[in-house]
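Visitor: Encoded as structure tokens, here's the structure I'll be asking about.
The values are calculated or read from the model by the stated rules, or taken from the named source; none is laboratory data. Quick caveat, the model's predicted, so the values are computed rather than measured. Because the Cβ atoms are built from the backbone with ideal geometry, glycine has one as well, and the counts that use them run over all protein chains shown.
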Amino acid sequence: MSEYLVNLKINNIPVSVKEGTTILDAAKKLNFNVPTLCNHPDLSVAGNCRVCVVEVKGARLLAASCATPVSEGMEVLTNSEKVRTARKHVIELLLSEHNADCTKCFKNGHCELQDLASEYRIGDHVFIDLVKAKDKIADISSPSISKDDSKCIRCQRCVRTCDELQSVSALAVVKKGDHQKISTFMNKPLHEVVCTNCGQCINRCPTGALTERTYIEEVWKAINDPLKHVVVQTAPAVRIGLGEDLGYDPGERVTGKMVAALKHIGFDSVLDTDFTADLTIMEEGTELLTRLKKALVDGEKVALPMMTSCSPGWIKFQEHMFPDLLDNLSTCKSPQQMFGALAKTYYAKKKGIDPKNMVSVSIMPCTAKKFECGRPEMRDSGYQDVDYVLTTRELAMMVKQAGINFMKLEDEHYDSIMGNSTGAAVIFGATGGVMEAALRTAYEIVTGREVPFTNLNIMPLRGFEGVKEAKVMIKDVKPEWSFLEGAELSVAIAHGLHNANTLMKAVREGKANYHFIEVMGCPGGCLGGGGQPIPTSPEIRSKRAEAIYGEDEGLPLRKSHENPEVIQIYKDFLGEPLGHKSHDLLHTHYKPRIRY
Amino acid sequence: MSNIETLIKTLVEKHGKTRNSLMPVLQGIVKEEHFLSEEAMIAVAKELDLSAADVYGTASFYTFLDTVPRGKNIIRICKTISCHMKGKDEIIEALEDVLKIKVGETTHDKKFTLLTANCLGWCHKGPVMLVNDEVFPEINQQKAVEIIEGIAKASK
């Protein structure tokens, strides 16, 4: 954008903005609200919904403010009678083709179209319904995402998300006119196409057309069954997102209140995915050092760079798009699945519970986790390791259903065992966090010293740049790691599958000489996950990241290998990282899938 | 490599591997095959490094890029208002009668598909019929049947 300033008047108030600014953004600067449906701060301009129309003096037609740049001397009215009438017609037209069964809709109360309908007092149908919305049947083939075309207003945010942010393009606009719809290749069901289940489309859908598959009723049923012992685990990013759906501004840490709410809801044991995040660091860090030893000392051919495997959307993306690089993925299961496998073995044994009477629930900022828990590889306990996955949004709904005044709750602590964690685990929720946690531990294992960064904060790994790189010099190592003396560890981090795609193409072409790569499927990492509260934007994600790093700094232990419960589980149950038992319960394999 | 893959390779070599080549490549396939099969769309997506949904989205937007099997000759009768008022319904009736198919169907011998089309831009000379790329203005039932019978004979 140029530095040249343009002067204009909006609603008779003068304002100067940079050349190239849209009328919409200029109006925002003056705190005038202009409604939008197809526009989104994370996406390119589409200009197809027309609710953001404004009056520009001298122009014959109303202008879509999201797609019209300002010009010198422009006079804009954002809320004239002409504008309001046109907007009302636009909303009425959209509603004429929309299945407005709001009371039955998961998005009831969180729907941008519903909000506008209410604001503009839309009454009886004034337009004929040409597209029979109610004849359309929702696609619930995916365990993660429900797609209901009867509620779609064809704003195409999902199509742009899937393309621009995720480089997947499982969704496209097909056909035209009154036959136009958002669909997959040959209208195949979602579970048959390249969809990674990341749920980023859900986060940006302005209506209830795209929502998560919800398992709230199943979870209530388990809780109300006296014969079932129901354990729940909560992912790192849930504690910094949940508040947004329960009355707080973005960036509020609600860990203690969330634990209290879960106990109130009736879970038998409230435990933490962060415990297995710490465990992941032990397993994955050891795996990386083992691969490096094999490559440098034994001269064996091993797949490097090694890549993280915590994000199930990223894993499915890799299986579809880069099946030739599956050996590079760490064999570690995600923390959710490590937790699941241990809950029905280690936890069950320690607590004297028959695992067949256990129900394992996880609260995730993620929709892909719903797919992951059903993968056939994820039954190493002898049962389905994780039974139900709820998103942060679904938990917020359960809190409301339970009649809990969330903001008034007293903080409570996680139960034990498998409820203890460190700051290194919390930062798994932000892009770069797994890498930072891994380096805090691996550097110390190899050198016996803490990582050489002030207060353990490895700043080069933080922030929202698409692909980040860092190098760490390894010096004065312990004798058993002498092969790493003087080595420079080179790492890279990508978040959002578009950035992952760029990085993977470089790896495939041999242009990326890293040792270790962290990839998270969603923009910003799990804090921007497809199961997090809606809306999302770069600002909201920044605030969530601040909360994550704040949570880390506030914890007494900030290195995974210092987690006492992790030390305990290796002593009592697992033996050693990458040991026989770990291999059976905590590691997995991947399956090549076709892109087409 | 199947015939369709060979055809697509040739078309991509001719038009280039960029996204801009998608339309000419799809048109090239339709010219040879009369429609875009699932297999063909997948092969195009692979060649141009696009998602299959993206290719299907483009193909399904254009009426002249069919995604269901079509006959060797495609007959399109303009259904818009001027041609409607000039008797397009009778012409359709006559063609359905002689070809023994309904609108949207293809003859058993795969020679003809009968379709309707939105305005072909010949309102001043309606009713109008398009057979493949050739326009037949100011037709009537008899003319339409003669034209189709002529094509049938010529392609025997």
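Visitor: Taking the stated definitions as given, is A:GLY486 on the phi > 0 side of the Ramachandran plot, more than 17 Å from the chain's Cα centre (by Cα), of a type outside the set (Asp, Glu) and at pLDDT below 95?
Guide: Yes, satisfied.
Visitor: For region A:183-207, which positions are in a loop (DSSP other than H, G, I, E, B), within 14 Å of another protein chain (Cβ to nearest Cβ) and touching a residue at least 24 places away in the same chain (Cβ under 8 Å)?
Guide: Across region A:183-207, the qualifying residues are A:PRO189, A:VAL194, A:CYS195, A:THR196.
Visitor: With respect to A:LEU271, is the statement that it is over 24 Å from A:ASP42 (Cα atoms) and touching a residue at least 40 places away in the same chain (Cβ under 8 Å) true?
Guide: It is true that A:LEU271 is over 24 Å from A:ASP42 (Cα atoms) and touching a residue at least 40 places away in the same chain (Cβ under 8 Å).
Visitor: Next question. Search region B:69-84 for residues being out of contact with any Leu (no Cβ under 9 Å at 6 or more places or on another chain) and more than 14 Å from B:ASN118 (Cα to Cα), and hand back the single one that is surrounded by the fewest Cβ atoms within 10 Å (Cβ to Cβ).
Guide: So, considering only residues that are out of contact with any Leu (no Cβ under 9 Å at 6 or more places or on another chain) and more than 14 Å from B:ASN118 (Cα to Cα), the one surrounded by the fewest Cβ atoms within 10 Å (Cβ to Cβ) is B:PRO69.
Visitor: Tell me, which residue of region A:138-152 that is surrounded by 24 or more Cβ atoms within 10 Å (Cβ to Cβ) and touching a helix residue (DSSP H, G or I) at 6+ places or on another chain (Cβ under 7 Å) is farthest from the other protein chains (Cβ to nearest Cβ)?
Guide: Of everything passing the filter in region A:138-152, A:SER144 is farthest from the other protein chains (Cβ to nearest Cβ).
Visitor: Mind checking which residues of region B:62-77 are out of contact with any Phe, Trp or Tyr (no Cβ under 8 Å at 6 or more places or on another chain), within 12 Å of chain A (Cβ to nearest Cβ) and not polar (S, T, N, Q)?
Guide: B:TYR62, B:LEU65
Visitor: For region B:31-56, how many residues meet the condition of being assigned to a loop (DSSP other than H, G, I, E, B), among the charged types (D, E, K, R) and within 8 Å of another protein chain (Cβ to nearest Cβ)?
Guide: 0
Visitor: If the requirement is being over 21 Å from the mean Cα position of the chain (by Cα) and surrounded by 22 or more Cβ atoms within 10 Å (Cβ to Cβ), which of these qualifies: A:ALA237, A:ALA261? Lay out the reasoning, then the answer.
Guide: Values: A:ALA237 fails: over 21 Å from the mean Cα position of the chain (by Cα).
On inspection, the qualifying residue turns out to be A:ALA261.
Visitor: For A:ARG160, indicate whether it is more than 11 Å from every other protein chain (Cβ to nearest Cβ), touching a Ser or Thr at 6+ places or on another chain (Cβ under 8 Å) and basic (Lys, Arg).
Guide: In short, yes.
Visitor: Would you point out the residue of region A:274-302, among those that are more than 22 Å from the chain's Cα centre (by Cα) and of a type in the set (Gly, Ala, Ser), that is nearest to A:HIS191 (Cα to Cα)?
Guide: A:GLY285
Visitor: Just to check your reading of the model, which residue among A:PRO305, A:PRO312 is under 27 Å from the mean Cα position of the chain (by Cα) and farther than 17 Å from A:VAL491 by Cβ?
Guide: A:PRO312
Visitor: For region A:328-341, does any single residue satisfy the condition of being surrounded by fewer than 24 Cβ atoms within 10 Å (Cβ to Cβ) and assigned to a helix (DSSP H, G or I)?
Guide: Yes: one or more hits.
Visitor: How many of the residues making up region A:505-536 are assigned to a helix (DSSP H, G or I) and either free of Cβ contacts under 8 Å to residues at least 12 places away in the same chain or not assigned by TED's automatic domain parsing to the domain that holds A:GLU469 (or both)?
Guide: 2
Visitor: Scanning region A:164-182 for residues that are within 13 Å of chain B (Cβ to nearest Cβ) and part of a helix (DSSP H, G or I), which turns out farthest from B:THR63 (Cα to Cα)?
Guide: Among those that are within 13 Å of chain B (Cβ to nearest Cβ) and part of a helix (DSSP H, G or I), it is A:GLU164.
Visitor: Scan region B:109-118 and give yes if some residue there is more than 25 Å from B:ILE29 (Cβ to Cβ), outside the structural domain of B:GLU33 (by TED's automatic domain parsing) and either among the charged types (D, E, K, R) or touching a Lys or Arg at 6+ places or on another chain (Cβ under 9 Å) (or both), otherwise no. Before the answer, list the steps.
Guide: Pass one, region B:109-118, residues more than 25 Å from B:ILE29 (Cβ to Cβ): none.
No: region B:109-118 contains no residue that is more than 25 Å from B:ILE29 (Cβ to Cβ), outside the structural domain of B:GLU33 (by TED's automatic domain parsing) and either among the charged types (D, E, K, R) or touching a Lys or Arg at 6+ places or on another chain (Cβ under 9 Å) (or both).
Visitor: Among the helices (runs of 4 or more DSSP H) contained in region A:537-596, which hold 3 or more residues that are among the hydrophobic types (A, V, I, L, M, F, W, C) and either within 14 Å of chain B (Cβ to nearest Cβ) or under 23 Å from A:ALA343 (Cα atoms) (or both)?
Guide: A:564-569
Visitor: Does B:ALA59 count as assigned to a helix (DSSP H, G or I), within 9 Å of chain A (Cβ to nearest Cβ), surrounded by 15 or more Cβ atoms within 10 Å (Cβ to Cβ) and without any contact (Cβ under 8 Å) to a residue 12 or more places away in the chain?
Guide: So B:ALA59 fails the test.
Visitor: Here is a follow-up. Applying the selection to region B:12-36, what residues are of a type in the set (A, V, I, L, M) and within 19 Å of the chain's Cα centre (by Cα)?
Guide: Across region B:12-36, the qualifying residues are B:LEU22, B:MET23, B:VAL25, B:LEU26, B:ILE29, B:VAL30, B:LEU36.
Visitor: Another question, if that's okay. Quick one: which of A:GLU412, A:GLU469 is more than 19 Å from A:TYR549 (Cβ to Cβ), in contact with a Phe, Trp or Tyr (Cβ under 9 Å, 6 or more places away or on another chain) and among the charged types (D, E, K, R)?
Guide: Within the list A:GLU412, A:GLU469, the selection yields A:GLU469.
Visitor: Can you go through B:LEU95, B:LEU99, B:LEU130 and tell me which one is farther than 16 Å from B:CYS78 by Cβ and touching a Phe, Trp or Tyr at 6+ places or on another chain (Cβ under 9 Å)?
Guide: One residue alone meets the criteria, B:LEU99.
Visitor: Is there a residue in region A:437-452 that is assigned by TED's automatic domain parsing to the domain that holds A:HIS561, touching a residue at least 60 places away in the same chain (Cβ under 8 Å) and at positive phi?
Guide: no
Visitor: Of the residues A:ASN108, A:ASN48, which single one is farther than 30 Å from A:ILE13 by Cα and of a type in the set (S, T, N, Q)?
Guide: After applying the criteria, what remains is A:ASN108.
Visitor: Would you confirm whether any residue within region A:81-100 is closer than 25 Å to A:GLN200 by Cα, away from chain B (no Cβ under 14 Å) and in contact with a His (Cβ under 7 Å, 6 or more places away or on another chain)?
Guide: no
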